[in-house]
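Heads up, the thing below is written out as structure tokens.
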Amino acid sequence: MKIMVGIKQILDPEVPVSDFRVDSATRKPVQGKAKLVMDSYSEYALEAALQYKDKNPGTQVVAACVGDKPAEEVLRKALAAGADEAIRAWEPGWDDLEAQTVAHILGSMARRLGGIDLVMVGRQSGDVERGLVGPMLAEDLGAACVTQANRVEAAAADQVRVRTEIEGGFAEAEIRLPAVVTVSNDEGIVLRLPKVRDVMMASRKPIGSVGASDLSLVPARLVSLVSLKDLFIPQLSGQCEFVEGENGGDKAVRLTQRLREAKVV
Amino acid sequence: MFLTAEQEEIRNLARRFADRQLEEAARAMDQENRFPWDVYKEMGELGFLGLTAPAEIGGSEADTVSWAVVIEQLARVCPQMADMVMLSKEMADFVLKHGGPQHREAAQAIAAGETICAIALTEPDAGSDAAGIRTYAERVPNGYRLHGGKRFITAGAYAGLTVVLAKTDRDAGHRGISAFLVDTSSPGFSVLRTEDLMGMRGMGTAELAFDSVFVPEENRMGEEGQGFKYIMQALDTGRIGIGALCTGIAQGALEESLAYAQTRVQFGQTIDSFQGVQFLLADMDVRTEAARLLVMEAARKQAAGQPVRLEAARAKLFASDTAAAVASDAVQIHGGYGYTKETRVERLYRDVKINQIWEGTNQIMRSVIAKLLTR
């Protein structure tokens, strides 16, 4: 079984709110003091894949990222945690790719790797949180798609059993491979801490790098379909009116009056 | 401060582990005097306890700089567990270097965190004057019998193995000292009591008694009469380790102080806007980085196989004095809260002091440095 895990590198979402800025001219977040980190849903996806590998020896896990050289840092983290191979794809000008393009590139990487039975990605990214790449990638690969999973287990040949979170509990589905599974957060799949020796091994392992010419990309999938008009941090304002009264009952009457005046009730 | 990409990744791993796992362990050790075995085992599995050990005994073969970096990151939160990283390396190295093939398994167990090995040198009447130890190793058929006692032995209450320094020749001064690897389940060995310490609590620091403890010949480490020399050699590495530990205490105290000063409001402003506090923070930062650089220089030189007696003494001296000052300033910045057990800095303030005393007092460090400068 060969699993490809899609990893995204994003600005650290844990920076203090006061440090987060958006450049209104470029409509992009300013990196500022934020480091580049592995998106946390990618971490859950990676851990779910590694747990599958632990239980099913012989499984190969390939970590894949659409990113420039800095992406090697998160790919090394994936290798240290236990991925067997790591590969990134990049072309100059790929800074602002839309979901359908990222999905097509990841799909092309999977086709190029060959033999990928299962692709696992985070259910959404920790920065833009749109959740589009997973299902679009399944379309691109002509594969089954299950979203918001938190467990993947081996089932009969050519199938996996996937547990997903639903309102009030869990659902289990068996799906035929090839499949794309998007992974949600769950305390059973927190990314493991790597051993020191694996950190050292990962820092010495080569990371594959491919460009557009290696990937047989379909031009129609590279076209921008969505135009970002504005990106801004909303201005928060508040208005607080204290309702006066002699006692609780009195205040309640006045509050009701105010709510009626404001057409809330 | 410059680290290679690999050392940087190891640093990140140690930092994440410390932040995730060590706060609770530190509290348990300090307030309940309890040793957190589960955390210790996890440190073994991650490779922290055999960081520099050879792969043949399950070590990670990382360099001395990586080891110093791990100690620093752990010490920010829990100096005791940082000290265990130091101790496990020191003892695994010692057993590998001075033991025989039959001791491989013991070295492996130490590096994996399966057993703790303590070092028993200090006695009630022999601290700085280490050569004045009186524990006697009497020659008997097939080995020795140890008679005597040791005090202030870190992890002595929990150790499965102990390297014991004892006199095989009571008339030969330091040249009469030999080293022995003792299994603590041996008849005649006992833990008399554990210390109730100001800080670095929960480590099972103990007073040990040796009542005719039999040690087979093969468990003498190296040659008779060479034990003192072996220990002196190991001290350089130990001093780099303590330097890293102190840098970690200082760094932890600084980080806590920064976080506190940026949220504590007095007179309508966060206290980090007052110059008095700013100047404290700036001095804490510079001195901590200076300590770090001394420690890393010693670590780098040792990793390159060069003698580091001077560098190690400088690092231990400066880092411990710095950490004591920084920990005190950290309590000051925290105000009244720094005096309560609610804060980490209260604990670090108590933990730090021993570092100006053990592994060679800072007075001894000054002697060592002066002698090296003037010879």
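The values are calculated or read from the model by the stated rules, or taken from the named source; none is laboratory data. Predicted, not measured: the structure shown is a model, and the values here were computed from it. We place every Cβ from the backbone using ideal geometry, glycine too, and count neighbours over all the protein chains shown. Accessible surface is based on the protein model in full, side chains and every heavy atom, while ligands, DNA and RNA are left aside. Shrake-Rupley method; radii C 1.70, N 1.55, O 1.52, S 1.80 Å.
Return yes when A:VAL146 is in contact (Cβ under 8 Å) with a residue 40 or more places away in the chain, assigned to a strand (DSSP E or B) and open to solvent by less than 30 Å² (accessible area, probe 1.4 Å) and no when it is not.
Values: in contact (Cβ under 8 Å) with a residue 40 or more places away in the chain: no; assigned to a strand (DSSP E or B): yes; open to solvent by less than 30 Å² (accessible area, probe 1.4 Å): yes.
The answer is no for A:VAL146.
Inside region A:69-101, can you point out the residues that are in contact with a strand residue (DSSP E or B) (Cβ under 6 Å, 6 or more places away or on another chain) and open to solvent by 30 Å² or more (accessible area, probe 1.4 Å)?
Of region A:69-101, the ones in contact with a strand residue (DSSP E or B) (Cβ under 6 Å, 6 or more places away or on another chain) are A:70-71, A:74-75, A:77-79, A:83-89.
Those that are in contact with a strand residue (DSSP E or B) (Cβ under 6 Å, 6 or more places away or on another chain) and open to solvent by 30 Å² or more (accessible area, probe 1.4 Å): A:PRO70, A:LYS77, A:ASP84, A:GLU85.
From the set of residues in region A:156-215 that are open to solvent by 60 Å² or more (accessible area, probe 1.4 Å), part of a helix (DSSP H, G or I) and not hydroxyl-bearing (Ser, Thr, Tyr), which is farthest from A:TYR44 (Cα to Cα)?
A:ASP214
Give all pairs with beta carbons closer than 7 Å in which a residue from region B:18-46 that is touching a residue at least 24 places away in the same chain (Cβ under 8 Å) meets a residue that is part of a loop (DSSP other than H, G, I, E, B) and open to solvent by 90 Å² or more (accessible area, probe 1.4 Å); count only pairs at least 6 apart in sequence or on separate chains.
B:ALA28/B:ARG34; B:GLY44/B:GLU114
Looking at region B:70-95 only, could you name the residues that are within 16 Å of B:GLY113 (Cα to Cα), out of contact with any Lys or Arg (no Cβ under 8 Å at 6 or more places or on another chain) and more than 14 Å from chain A (Cβ to nearest Cβ)?
B:MET81, B:ALA82, B:ASP83, B:MET84, B:MET86, B:LEU87, B:GLU90, B:MET91, B:ALA92, B:ASP93, B:PHE94, B:VAL95
Kindly provide the set of residues from region B:195-247 that are farther than 26 Å from B:ALA68 by Cβ and in a helix (DSSP H, G or I), ordered by number.
B:GLU217, B:GLU218, B:ASN219, B:GLY227
Pick from A:ALA156, A:ALA144: which is more than 22 Å from A:ASP84 (Cα to Cα) and out of contact with any helix residue (DSSP H, G or I) (no Cβ under 8 Å at 6 or more places or on another chain)? Break it down stepwise before answering.
On the way: A:ALA144 fails: out of contact with any helix residue (DSSP H, G or I) (no Cβ under 8 Å at 6 or more places or on another chain).
Checking each option against the conditions leaves just A:ALA156.
Residues are listed down the side, and each one gets a yes or a no for (1) touching a residue at least 12 places away in the same chain (Cβ under 8 Å); (2) touching a Leu at 6+ places or on another chain (Cβ under 8 Å):
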residue	(1), (2)
B:GLY227	yes, yes
B:THR237	yes, no
B:ILE240	yes, no
B:GLY248	yes, yes
B:ALA261	yes, yes
B:PHE274	no, no
B:ALA290	yes, no
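Considering only residues that are hydroxyl-bearing (Ser, Thr, Tyr) and within 30 Å of B:LEU373 (Cβ to Cβ), look in region B:307-357 and name the one that is surrounded by the fewest Cβ atoms within 10 Å (Cβ to Cβ).
Let us first name the residues in region B:307-357 that are hydroxyl-bearing (Ser, Thr, Tyr), namely B:320, B:322, B:328, B:337, B:339-340, B:343, B:349.
Filter once more, keeping what is within 30 Å of B:LEU373 (Cβ to Cβ): B:320, B:322, B:328.
Details: B:SER320: 30, B:THR322: 25, B:SER328: 16.
Checking each candidate, the answer is B:SER328.
Given the criterion in contact with a Leu (Cβ under 8 Å, 6 or more places away or on another chain) and under 22 Å from B:GLU224 (Cα atoms), identify the matching residue among B:LEU121, B:LEU74. Walk me through how you get there before you give the answer.
On the way: B:LEU74 fails: under 22 Å from B:GLU224 (Cα atoms).
The conditions single out B:LEU121.
Of all residues in region A:29-39 being of a type outside the set (Asp, Glu) and in contact with an Asp or Glu (Cβ under 8 Å, 6 or more places away or on another chain), which is most open to solvent (accessible area, probe 1.4 Å)? Lay out the reasoning, then the answer.
Step one: of region A:29-39, the residues of a type outside the set (Asp, Glu) are A:29-38.
Okay, now just the ones that are also in contact with an Asp or Glu (Cβ under 8 Å, 6 or more places away or on another chain), so A:29-30, A:32-37.
Values: A:PRO29: 63, A:VAL30: 67, A:GLY32: 61, A:LYS33: 165, A:ALA34: 11, A:LYS35: 146, A:LEU36: 60, A:VAL37: 41 Å².
Residue satisfying both the conditions and the ranking: A:LYS33.
Given the residues A:ASP198, A:ASP250, which is the only one that is under 30 Å from A:ARG151 (Cα atoms) and among the charged types (D, E, K, R)? First the steps, then the outcome.
Details: A:ASP250 fails: under 30 Å from A:ARG151 (Cα atoms).
Step by step, each of A:ASP198, A:ASP250 is checked, and only A:ASP198 is under 30 Å from A:ARG151 (Cα atoms) and among the charged types (D, E, K, R).
For A:ARG221, indicate whether it is surrounded by 12 or more Cβ atoms within 10 Å (Cβ to Cβ) and at pLDDT 95 or above. First the steps, then the outcome.
Details: surrounded by 12 or more Cβ atoms within 10 Å (Cβ to Cβ): yes; at pLDDT 95 or above: no.
In short, no.
Step by step: first the residues of region B:324-343, then only those that are among the polar types (S, T, N, Q) and either part of a helix (DSSP H, G or I) or without any contact (Cβ under 8 Å) to a residue 60 or more places away in the chain (or both), then the one that is farthest from B:ALA261 (Cα to Cα). Which residue is that? Before you say what the answer is, go through the steps one by one.
Step one: list which residues in region B:324-343 are among the polar types (S, T, N, Q), which gives B:328, B:332, B:340, B:343.
From the residues that got through so far, the ones that are either part of a helix (DSSP H, G or I) or without any contact (Cβ under 8 Å) to a residue 60 or more places away in the chain (or both) too are B:328, B:332, B:340.
Numbers: B:SER328: 15, B:GLN332: 11, B:THR340: 17 Å.
It comes out as B:THR340.
Please determine whether any residue of region A:122-129 is acidic (Asp, Glu), in contact (Cβ under 8 Å) with a residue 24 or more places away in the chain, outside any helix (DSSP H, G or I) and open to solvent by 20 Å² or more (accessible area, probe 1.4 Å).
Initially, region A:122-129 is screened for residues acidic (Asp, Glu), giving A:127, A:129.
The next check asks that each one be in contact (Cβ under 8 Å) with a residue 24 or more places away in the chain; those that pass are A:127.
Filter once more, keeping what is outside any helix (DSSP H, G or I): A:127.
From the residues that got through so far, the ones that are open to solvent by 20 Å² or more (accessible area, probe 1.4 Å) too are A:127.
Yes, the conditions are met somewhere in region A:122-129.
Is there any pair linking a residue in region A:197-220 that is without any contact (Cβ under 8 Å) to a residue 60 or more places away in the chain and within 14 Å of chain B (Cβ to nearest Cβ) to one that is crowded, with 16+ Cβ neighbours inside 10 Å and outside any helix (DSSP H, G or I), with Cβ under 7 Å and at least six apart or on different chains, and which?
A:ARG197/B:GLY47; A:ARG197/B:SER60; A:MET200/B:SER60; A:MET200/B:ALA62
Pick from region B:3-41 the residues that are in a helix (DSSP H, G or I) and of a type in the set (Val, Ile, Thr): which of them is farthest from the chain's Cα centre (by Cα)? Before you say what the answer is, go through the steps one by one.
Pass one, region B:3-41, residues in a helix (DSSP H, G or I): B:5-32, B:37-41.
So of that shortlist, the ones also of a type in the set (Val, Ile, Thr) come out as B:10, B:39.
Details: B:ILE10: 19, B:VAL39: 17 Å.
Among those residues, the one meeting the criterion is B:ILE10.
Could you run through region A:173-196 and say how many residues are among the β-branched types (Val, Ile, Thr), without any contact (Cβ under 8 Å) to a residue 60 or more places away in the chain and within 14 Å of chain B (Cβ to nearest Cβ)?
The total comes to 1.
Is there any pair linking a residue in region B:55-69 that is touching a residue at least 12 places away in the same chain (Cβ under 8 Å) and away from every other protein chain (no Cβ under 12 Å) to one that is among the basic types (Lys, Arg) and in a helix (DSSP H, G or I), with Cβ under 6 Å and at least six apart or on different chains, and which?
B:VAL65/B:ARG300
Kindly establish whether A:GLY114 is under 15 Å from the mean Cα position of the chain (by Cα) and either closer than 30 Å to A:PHE232 by Cβ or surrounded by fewer than 17 Cβ atoms within 10 Å (Cβ to Cβ) (or both). First the steps, then the outcome.
Numbers: under 15 Å from the mean Cα position of the chain (by Cα): no; either closer than 30 Å to A:PHE232 by Cβ or surrounded by fewer than 17 Cβ atoms within 10 Å (Cβ to Cβ) (or both): yes.
No: the conditions fail for A:GLY114.
When you check B:ARG11 against the structure, is it within 11 Å of chain A (Cβ to nearest Cβ) and loosely packed, with under 14 Cβ neighbours inside 10 Å, yes or no? Spell out the reasoning first.
Values: within 11 Å of chain A (Cβ to nearest Cβ): yes; loosely packed, with under 14 Cβ neighbours inside 10 Å: no.
No: the conditions fail for B:ARG11.
Can you name every residue in region B:344-375 that is outside any helix (DSSP H, G or I) and either touching a residue at least 24 places away in the same chain (Cβ under 8 Å) or not β-branched (Val, Ile, Thr) (or both)? Explain how you work it out, then say what you get.
Within region B:344-375, the first condition is being outside any helix (DSSP H, G or I), and the residues that meet it are B:357-361, B:375.
Scanning region B:344-375 gives B:TRP358, B:GLU359, B:GLY360, B:THR361, B:ARG375.
Scanning region B:42-54 for residues that are over 15 Å from the mean Cα position of the chain (by Cα) and within 8 Å of chain A (Cβ to nearest Cβ), which turns out surrounded by the most Cβ atoms within 10 Å (Cβ to Cβ)?
Within region B:42-54, the subset over 15 Å from the mean Cα position of the chain (by Cα) is B:42-47, B:52-54.
From the residues that got through so far, the ones that are within 8 Å of chain A (Cβ to nearest Cβ) too are B:45-47.
Working: B:GLU45: 12, B:LEU46: 24, B:GLY47: 27.
It comes out as B:GLY47.
Could you grab me the full set of residues in region B:17-41 that are surrounded by 14 or more Cβ atoms within 10 Å (Cβ to Cβ), within 14 Å of chain A (Cβ to nearest Cβ) and not β-branched (Val, Ile, Thr)?
B:PHE17, B:ALA18, B:GLN21, B:LEU22, B:LYS41, listed by residue number.
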